[in-house]
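The values are calculated or read from the model by the stated rules, or taken from the named source; none is laboratory data. These numbers were taken from a predicted model, which means no experiment stands behind them. Positions of Cβ are generated from backbone atoms using ideal geometry, with glycine treated the same way; all protein chains shown enter the neighbour counts. In case anyone asks, the SASA skips ligands and DNA or RNA and just uses the protein heavy atoms, side chains included. Shrake-Rupley method; radii C 1.70, N 1.55, O 1.52, S 1.80 Å.
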Amino acid sequence: MKKTVKAELILENGVRFKGNAFGYIKETVGEVVFTTGMTGYQETLTDPSFAGQIVTMTYPLIGNYGINLEDMESRKPFLKGFVVREKCDVPNNWRCEMDIDNFLFQNKIMGLENIDTRALTRVLRDHGTMRGIITTRVDDLTPSQIKQKFDTYTNAYAVKETTIDKPYVISGRGTHLAVLDCGIKHGILRDLSKRGCKLSVFPAFTSAEEILAADPDAIFLGNGPGDPKDIPDVVETVRKLIDTGLPVLGICLGHQLISLALGCNTTRLKFGHHGGNHPVKDLKTGRVYITSQNHEFVVSDLSEDVEATFINVNDGSIEGIRHKTKPVYSVQFHPEASPGPLDTQELFDRFIKMIEEVKPHAKR
Amino acid sequence: MGTKMMATGEIMSIGKSFEAALLKGVRSLEIGQYGLERKSSKARDLETLKKRVVTPDDERLFDMAEMIRRGYKVEKICQITGMDLFFVHKIANLVEMEEELKTMKLEDFTKESLMYFKEKGFSDKAISRFVGCTPPDIYDLRKKWDIMPVFKMVDTCAGEFEAVTPYYYSSYDTENEVVVSNKKKVMVIGSGPIRIGQGIEFDYCSVHCIMALKKKGIETIIVNNNPETVSTDFDTADKLYFEPLTEEDVLNVVELEKPDGVILQFGGQTAIKLAGFFDEMHIPILGTLPEQIDEAEDREKFDAVLETLGISRPKGKGVWSVAEGIETAEKLGFPVLVRPSYVLGGQGMEITYNDDQLKMYLADAFEKDSKNPVLIDRYLSGREIEVDAICDGTDVYIPGIMEHLERAGVHSGDSISIYPPQNISDDMKHQIMDVTKKISVALKVIGMINIQFIDFKGELNIIEVNPRSSRTVPYITKVTGVPVIDIATRVMLGEKLADMGYGTGICDEPDVVAVKVPVFSTEKLPQVEVSLGPEMRSTGEVLGVGYNLENALYKGFIAAGMTIPKAGSTIIATVGNKDHEDFVKIAKRCDALGCNFIATKGTARALKEAGIECKLVKKISEGVPNIIDTIRSGVVDLIVDIPKKANNKKSDGFKIRRTAVESSVTLITAMDTFNAMVNVMEKHIDQDKLDIFDINKDMRK
Amino acid sequence: MPRDNSIKKVLVIGSGPIVIGQAAEFDYSGTQACQSIKEEGIEVVLVNSNPATIMTDLGMAHYTYIEPLTIDFLEKVIAKERPDSIIAGMGGQTGLNLSCELYDRGILDKYHVKVIGTSIESIKEGEDRDSFKRLMERTNQPIVESDIVTDVDSAIDFAQTIGYPVIVRPAYTLGGTGGGIAHNEAELREICTQGLHLSRVGQVLIEKSIAGWKEIEFEVMRDGAGNCITVCSMENVDPVGVHTGDSIVVAPAQTLSDREYQMLRSAAINIINSIEIKGGCNVQFALDPNSYNYAVIEINPRVSRSSALASKAQAIPLPRSAPK
């Protein structure tokens, strides 16, 4: 039997789970969520949308194919903690370059293993997303210490933490997109670039003027962590960009920012949608697609000029919107997947087609 | 194993880790394995093991584990077998843990270390075997430290939504998801995976038992590990526990649910094996009690019962050595029937005709298992009769008396079964009823009982009694329309036959004749003897229904994929000397029908002497082209090969029979079957005029 | 998607007796199918020669015939009961073969019996080795180098060009019957002869052996509108070379990275979309453990042994949904 360091997860509602620590051992506080994907833990680990969160994997065996340098969705993992039933110490895959324990260690992320992840999932689904502490001071923290940790936790600066410092360009000969990086996944950039797009990527808090100065054909807002209402400056920027008449497209957080900019409202879901099996229905055709999702917040009330394009078959929530007259179009789910099903990939083609159709008119 | 499938069935196991699921799977196989260490693998040297894992067979998992145990490099195993390192590594984990257990004593366990082993899937039996204590020792330790399994739901959504599937598996975790009700509830033990001797018939019985219990408003729980069946459909019972059918795993469910009763009668040998354990643990069993089951299964006890009742059975006894065997056989008189005790499907059963054959059999049997006796019975050649009956402790109801086409010596599961019986007098039927009642009441049977008789020169003899449901129940139910399992279940719940409205005694016979014909898969299993004998070989069955026996047989043969010869058909025959006389009588009739014969030397001579024309074909030992080539050439419509002694892989007969099967030519290996086939041929049945029957309404006019 | 209300009486063909390669899984699926169809208020006529099944229980179907599963007897049942439709995919290989034969012989036309669910053409595309090859070419799916032969000499010739070892796969058989791995000409001769004899259409596929590749299966379900879901992924612990029915199989697949998994998943969906399956389908892949190279080994446009496993592993009763 290997030597292990004991650790526990303390939830805001008092429920505790005792297990073993792995990765980089340090106390951590975060918003505890669960994701149901059975593959793609590396993409999950490096998805900036998880910034500030402690992510629980419902699938019990994680790390089977190790970690490789290719499947990174961002420059490093931003999550606060990683909870699994069992981590794999002897992964095997032709692209495997490192095991998960080492990866977390190198990136200073705390891991917790050997807890009843199903029981944890059920707590979260019954009571909703809540904060949690992972600590090695098992049974040692006092109630006031615990309370203090919860009270001082905030995720309001998540976008600031995950966005880039300086703008950069990914060259391409086709459509020119100005991309606002609020914690965008590389998968999105990859899928756009694959289609020949030129991408001018900007940090999240760049002004509208600076973005427009790049003379893009359209604006693209990717995913990111946290509550969209925590970044009102960005919402304002998006409003200005929409007003120019340029096509504005968005995924996940981008979709929420666009919606807020158009006067819609966003609310928090009980425990979010995290996983690769979420069915969404295309309201125009009636077809249902299986999608990858990762969000806690959702667009809830539509303003007059906005209509829904997709809804979630499980709970009826809004999964996509469009402006009734302007070329503004966004989805909550992830057509780039990474991880997840590739069923909605052609959405990127639709985006580009739309931009090309609007292009002659949008040039002012 | 290769690209041609050979498995008859499968189990499924669910766990929280690969190791746990794998170990659960291993103990679900019912091969006496509770871990990865196997005696036969241990006896092989490394070179042999290596060769064996490269061309895998059903023991590869254990051979591989043994190699790892001896220090063979894991990566190299991956290379030579092609198996992914991920899986081999998991197997290596288990081997490492097994080796660790070997160094431990009971006192060395801590709560944490024991929990670790349980989490990884080690059963108490496995741990105790490696540590050198008893399973109850481990069980007591677990009880002391509260290391008990919980049950999780299989819900299709990883817990994301509240689900309503009442389908559970065990794991060593913190949260239990089962809501135990306080309604009256009964647990039914399933029959496990499909294999020769215990197929889908038992699942049929389990499902019907559940349906009967449900009708009575009782909460039903099924425990089974076969993913292919209706019993493990989570809609069937109120709760499904997908677990191995071992003592510990079933006990876990019992301890959680605390059923008012457990039913073991419908799970074949798998469930019956648990009777003793349940008795020890004071778990209430519905129906025939364990001591009574034991009386029926234990040969000596049973003989005593028969003695008191004055019922004849072929004389015999259990022997413990070759010498004792020879002595016994000489007293009884050859031929004798020999088999190991406590087996299913007549495994290992054979008929021996002389001292040499018997010596060979016994030597082999005692080498395989020196701890149990070999049973030797006088072999009585006669008509075989089978009965399924329900007893409520006082009265007996017999849904049907079945007659076997093939005489005694062919396993009942492999015989063609005829209902209603065609050759049994009313007087004999009364005797059968009488004896069945006597035995059932003496054994205190509550529920089902299956009895096999031989009519030996007018005298009724008992061969075997099984205090449980049998494989003939489904077909009898459908042909008679009597809900056999429903009645049996109600009896087990305490109802009396007299009150149920079906009466007692023998059920009225329907207006049709139904014939159950066994089906074999032996073409898939090379090196397996094909001829009919005491060891069961069929994997499944078909039914033929008609207004008379020949019509029913015709359909049965066709349904089983056999060809019925007609004028101009070619029949190849090779028959042992002692059967020539009987064979020729039947062959004459074939000849009269216009069939052509090809035969090997001895048989050819017998035919010619009787005035039947036939072509001569060489035996294998006589050179080429020979009988094998003729069969392969496709000119043959039927092969009649009645062996002198089966199961000798080197014999010509074995090869001929295998070729027949592999070339898909209809093969007959018993005289009675040949006779029946010719009876059918003589009727010149016009297929177009044959009736079809909707079993829902056409069985009785 | 709206139901077809012209369906009033459906014929379901069972899978016959338990044999190696086709055991109880079809009792489970057939029973579910009967119940599912009954739920829709449609009459069920069942034919199955196996008396041991729940499917052939009194009252499970409206009309139950325990009769030989041959074309002649099936025709008798059709003539007597006059069903308006037939479902081909609930009786395993047996059911499939018989449905195809009824169709080929014009018996379905003669009695105006419509094939519902996956069409005969789609079934053939999946089962017939030649059609399968063409289908894969059409959908741009890689397959293992192979050729269809109808005689032994052609088999030998082809094996010379692709190199041994080769795998022999007869068309329209169950459990890989009549097939095998040949390491040299002598073995090929023997296996091929038997295979040709046992195939319903006298056809075998000779294929390059990809021993050592991972064997991954997907159970997929598609409705008439084109919506697809992959219900379950499975990985054979024993690699290619051991029949999947004899392998230890684990659900879900364990050793695939997300990219590999999605690649195969998308391929499976593309395939069932192109043959317009309505119902369930099993797709088997071989994946090179050292690259993204894969090949489609086989598709089974019917409920199968794996779907029983998938149904029970996932608690999603595939055979109940498929007929609907």
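Taking chain C as the reference, fit the longest principal axis to its C-alpha atoms, fit the long axis of helix C:258-274 to the helix C-alpha atoms, and give the angle between the two in degrees, 0 to 90, nearest 10.
Approximately 50 degrees, to the nearest ten.
Which residues of segment C:253-267 end up with at least 40 Å² less accessible area in the presence of all protein chains than when their chain stands alone, using a 1.4 Å probe?
C:Gln254, C:Thr255, C:Ser257, C:Asp258, C:Arg259, C:Gln262, C:Arg265
Compute, for B:Asp508, the solvent-accessible surface of its heavy atoms (probe 1.4 Å) with the complete set of protein chains present, and express it in square angstrom to the nearest 10.
120
Could you order B:Met6, A:Met110 by accessible surface area, starting with the largest, using a probe radius of 1.4 Å?
Ranked from most to least accessible, the order is B:Met6, A:Met110.
Report the normalised scattering of chain C as log10 I(q)/I(0) at q = 0.10, 0.14 Å⁻¹, calculated by the Debye formula with identical scatterers on the alpha carbons.
For chain C, the Cα-only Debye profile gives -0.56, -1.09.
In whole percent, and with a 1.4 Å probe on the protein chains, what portion of the accessible area of the protein assembly as shown is carbon and sulfur?
50
What order, most packed first, do the peptides B:320-326, B:543-549 have when packing is the mean number of other Cβ atoms within 10 Å of each residue?
By packing density, highest mean first, the sequence is B:543-549, B:320-326.
Determine the dipole magnitude for the protein assembly as shown: charges of +1 sit on the beta-carbon of Lys and Arg, -1 on that of Asp and Glu, nothing else is charged, the reference point is the Cα centre, and the result goes in debye to the nearest 20.
I would put it at about 960 debye.
Would you kindly find the accessible area of B:Lys4, with a 1.4 Å probe and non-protein molecules such as ligands, DNA and RNA excluded, rounding to the nearest 10 Å²?
60
Among B:Phe151, B:Gly533, B:Ile283, which residue has its Cα furthest toward the positive end of the charge dipole of chain B, with +1 on Lys/Arg Cβ and -1 on Asp/Glu Cβ?
B:Gly533
Work out the mean other chain Cβ neighbour count within 10 Å for the residues of C:243-249 and drop it here as an integer.
Partner-chain Cβ atoms within 10 Å, mean over residues of C:243-249: 6.
At 1.4 Å probe size, what's the solvent-accessible area of B:Phe693? Round to the nearest 10 Å².
Around 10 Å² of this residue is reachable by solvent.
With a 1.4 Å probe on protein heavy atoms only, work out how much accessible surface A and B bury together, total over both chains, in Å² to the nearest 100.
2400
How many angstrom separate the Cα center of segment B:617-638 from the Cα center of segment B:540-603?
Centre-to-centre (Cα) distance: 19 Å.
Name the residue from B:Gly348, A:Asn20, C:Ala268 whose Cα lies farthest towards the positive end of the charge dipole of the protein assembly as shown, charges +1 on Cβ of Lys and Arg and -1 on Cβ of Asp and Glu.
Going by the Cα projections, it comes out as C:Ala268.
Please say if segment C:9-116 is rounded, prolate or oblate, where rounded means a/c under 1.5 for a ≥ b ≥ c the square roots of the C-alpha gyration tensor eigenvalues, and otherwise the choice is prolate for a/b larger than b/c and oblate otherwise?
oblate
How much accessible area per residue does segment B:224-267 have, counting only protein heavy atoms and a probe of 1.4 Å, in square angstrom?
17
FRET efficiency for B:Ser633 and B:Arg605, Cβ-Cβ distance as r, R0 = 25 Å, nearest 0.05?
Computed FRET efficiency for B:Ser633 and B:Arg605 comes out at 0.60.
What angle, in degrees between 0 and 90 and rounded to the nearest 10, separates the Cα long axis of helix B:549-559 from the longest principal axis of the Cα atoms of chain B?
60
Below 8 Å, C-alpha to C-alpha, sequence gap of six or more: please give me the relative contact order for segment B:248-289 in percent.
In percent, rounded to a whole number, it is 40.
Computed over the Cα atoms, what is the radius of gyration of chain B divided by 2.2 N^0.38 Å, N being its residue count?
With N residues counted in chain B, Rg over 2.2 N^0.38 Å equals 1.02.
With +1 on each Lys and Arg Cβ and -1 on each Asp and Glu Cβ, how big is the dipole of chain B about its Cα centre, in debye rounded to the nearest 20?
Computed charge dipole of chain B: roughly 1700 debye.
Can you give the angle from 0 to 90° between the axis of helix C:152-162 and the longest principal axis of chain C, with both taken from C-alpha atoms, to the nearest 10?
With both axes taken from Cα atoms, the answer is about 50 degrees.
Compute the Kirkwood hydrodynamic radius of the protein assembly as shown, taking the inverse of the mean of 1/r over all pairs of distinct Cα atoms, and give it in Å to one decimal.
Evaluated on the protein assembly as shown, it is 34.2 Å.
Can you give the accessible area buried between chains B and C, summed over both chains, with a 1.4 Å probe, in Å² to the nearest 100?
Using a 1.4 Å probe, the pair buries roughly 6200 Å².
If you average the alpha carbon positions of segment B:415-482 and of segment B:245-285, how far apart do those two centres end up, in angstrom?
Using only Cα atoms to place each centre, the spacing works out to 27 Å.
Keeping all protein chains in place, calculate the accessible area per residue for segment B:18-146 (probe 1.4 angstrom), answer in Å².
Per-residue accessible area for segment B:18-146 comes out at 43 Å².
If you add up the charges near A:Leu9, with Lys and Arg at +1 and Asp and Glu at -1, over every other residue whose beta carbon is less than 9 angstrom from its beta carbon, what do you get?
Its environment carries a net charge of +1.
Heavy atoms only, 1.4 Å probe, whole protein assembly: order A:Ser207, B:Ser633 by accessible area, highest first.
The ordering from most to least exposed comes out as B:Ser633, A:Ser207.
Add +1 for every Lys or Arg and -1 for every Asp or Glu among the other residues with Cβ under 12 Å from the Cβ of C:Ile7, and state the total.
+1
Give the distance, in whole Å, between the Cα centre of segment A:170-243 and the Cα centre of segment B:324-393.
Centre-to-centre distance over Cα atoms comes out at 84 Å.
Largest first, how would B:Asp203, B:Asp238 line up by accessible area (1.4 Å probe)?
If we order B:Asp203, B:Asp238 from most to least accessible, we get B:Asp238, B:Asp203.
Scan chain A and note any complete DSSP helix (H) whose C-alpha atoms cover at least 30 Å along its axis and whose Kyte-Doolittle average is 0.0 or more.
What comes out of the filter, once short or polar helices are dropped, is none.
Hey, what number do you get for the protein assembly as shown at 222 nm if only DSSP H runs of n ≥ 4 count, each worth -39500 (n - 2.57), divided across all residues, to the nearest 500?
So the helix-based figure for the protein assembly as shown works out to -10000 deg cm²/dmol.
Explain nothing, just the number: dipole magnitude of segment A:198-291 about its Cα centre with +1 on each Lys and Arg Cβ and -1 on each Asp and Glu Cβ, in debye rounded to the nearest 20.
So the magnitude is around 620 debye.
Would you be so kind as to identify which of B:Val186, B:Met562, B:Met115 lies farthest towards the positive end of the dipole of chain B, taking Lys and Arg as +1 and Asp and Glu as -1 on Cβ and the Cα centre as origin?
Of the options given, the answer is B:Met562.
Set the Förster radius R0 to 35 Å, insert the Cβ-Cβ distance between A:Met98 and A:Val138 as r into 1/(1 + (r/R0)^6), and round the FRET efficiency to 0.05.
Rounded to the nearest 0.05, the efficiency is 0.80.
Decide, for segment A:219-364, between rounded, prolate and oblate: order the square roots of the alpha carbon gyration tensor eigenvalues as a ≥ b ≥ c, take rounded if a/c falls under 1.5, and otherwise choose prolate if a/b is larger than b/c, else oblate.
Oblate shape, in that a/c is at least 1.5 and b/c is the bigger or equal ratio.
Output ³J(HN,Hα) for segment B:360-365: one whole-Hz value per residue in order, computed from phi by the Karplus curve 6.51 cos²θ - 1.76 cosθ + 1.60 with θ = phi - 60°, and x for Gly and Pro.
So the J values, rounded to whole Hz, are 4, 4, 5, 4, 4, 4.
Could you provide, to the nearest whole Å², the per residue accessible area of chain C with probe 1.4 Å?
30
In whole percent, what relative contact order does segment A:159-362 give with Cα contacts below 8 Å and a gap of six or more residues?
18
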